[in-house]
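Novice: One structure, pasted below without further comment.
Values quoted throughout were computed directly from the atomic coordinates according to the rules given, and no laboratory measurement underlies them. Since this is a predicted model, take the numbers as computed values, not measurements. Cβ coordinates were reconstructed from backbone atoms using ideal geometry, including for glycine residues, and neighbour counts include every protein chain displayed.
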Amino acid sequence: MLNFDNLTKDLVAKHNPKIILLYGSLSRGDYTPKSDIDVVCYTNVEGVSPDTREFEGRYLDAWLRPISDLNDIENLIYLKDAKVLFDRDGDAQDLLEKINDHFEQGPIELSESERLHWQSWTMKMLDRTYRGDIEANYRRTWLIYELLTIYFKFNQMWFEGSKLAFATLKEKDPKMFKQFEKVLKNPTDSILLKQLVYKVLKI
């Protein structure tokens, strides 16, 4: 098992952070032997930079972010299940409570113009997949990728990455889960893709 004390000491010595948060599968408890160590360090940096390397047999995927990012709760939803590894000033628990409160409120509902935009974009993308050339194949792959996030937008649900998204679909909308599963197993099947598009857009 990963020694989190060693990890914390390493990151503190290297980056002098205000807060270190562990998130992802190791935080939630649904990790596998090959799961990455997903960590974010809030420290005195101007932009965002990675610290990626092997650490105790796992791949460390750490991100250094400016302390000012802590004020943007909307973009911290992915940390709702995070565990505090380091908290220099005692602010981390309050931060996590704010994140979870914001998560419980749910995302802002799409406006009618936003909904129409996504419907138009999706149908245009679908039409372009029928051309039969390399660009069509690229558009098809792009569309399949985007449809998962569009589903969550249209249903006023947070998108927390593909792993949690598919788990949510399997539990709450098994028919939609099956449709995504069919398309991902048969990505060149135009009929299946069209069916998925219509179901996601509810048309």
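Novice: Under 19 Å from the Cα of K9, which lysines turn up, not counting those fewer than eight places away in the same chain?
Specialist: List returned: K18, K83.
Novice: Quick one, which of [x] 39, 20, 12; [y] 37, 20, 16; [z] 22, 22, 19 is the actual semi-axes √(5λ) of the Cα gyration tensor in Å calculated for this model?
Specialist: Given [x] 39, 20, 12; [y] 37, 20, 16; [z] 22, 22, 19, the calculated one carries the label [y].
Novice: So what are the radius of gyration and Dmax for the Cα set of region 112-201, in Å?
Specialist: Taking only Cα atoms of region 112-201, I get Rg and Dmax of 12.8, 37 Å.
Novice: Using 0.36 nm per residue of separation minus the Cα-Cα distance, give me the extension gain between A13 and D51 in nm, one decimal. Walk me through the intermediate numbers first.
Specialist: Working: separation 38, 0.36 × 38 = 13.68 nm, distance 1.31 nm.
Working it through step by step, the gained length comes to 12.4 nm.
Novice: With a sphere of radius 10 Å drawn around the Cβ of Q179, what net charge do the other residues whose Cβ falls strictly inside it have (Lys, Arg +1; Asp, Glu -1)?
Specialist: Numbers: positive: K175, K178, K182, K199; negative: D173, E181.
That works out to +2.
Novice: With unit charges on the beta carbon (Lys/Arg positive, Asp/Glu negative), name the residue among L192, A165, L143 whose Cα is farthest towards the positive pole of the charge dipole of region 50-203.
Specialist: Of L192, A165, L143, it is L192.
Novice: Still on this structure, I have one more. Using 0.36 nm per residue, how much length does the chain from W63 to K163 gain when fully extended, once their Cα-Cα distance is taken away? Intermediate values should be presented prior to the final figure.
Specialist: On the way: separation 100, 0.36 × 100 = 36.00 nm, distance 2.01 nm.
Length gained, W63 through K163: 34.0 nm.
Novice: On to the next question. Are there any chymotrypsin sites (Phe, Trp or Tyr not before Pro) in region 90-140 that are in a DSSP loop and have at most 16 other Cβ atoms within 10 Å? List them by number. Please report the intermediate quantities before stating the final value.
Specialist: Details: sites: F103, W118, W121, Y130, Y138; in loops: Y130.
Answer in residue order: Y130.
Novice: Cα axis of helix 162-172 to longest principal axis of the chain: angle in degrees, 0 to 90, nearest 10?
Specialist: Long axis of 162-172 versus the principal axis of the chain: about 60 degrees.
Novice: Okay, next question. Check which residues have an amide H placed less than 5 Å from L60's amide H, if you skip close sequence neighbours.
Specialist: I37, R53, E54, F55
Novice: Find how much the distance from D127 to V84 grows on full extension, using 0.36 nm per residue of separation minus their present alpha carbon separation; answer in nm with one decimal.
Specialist: The span from D127 to V84 would gain 10.8 nm if fully extended.
Novice: With only Lys, Arg, Asp and Glu charged, each at its Cβ (+1 for the first two, -1 for the last two), find how big the charge dipole of the chain is about the Cα centre; round to the nearest 20 debye. Walk me through the numbers before you get to the answer.
Specialist: Values: 29 positive and 33 negative charges, 243 e Å.
Computed charge dipole of the chain: roughly 1160 debye.
Novice: Can you give the direction-averaged projected area of the convex hull of the alpha-carbon atoms in region 1-112, in nm²? Let's see the in-between values first.
Specialist: Values: hull surface 32.8 nm².
Convex hull of Cα atoms, orientation-averaged projection: 8.2 nm².
Novice: Which of N71, N44, P33 sits farthest toward the positive end of the charge dipole of region 1-104, with +1 on the Cβ of Lys and Arg and -1 on the Cβ of Asp and Glu?
Specialist: Farthest towards the positive pole: P33.
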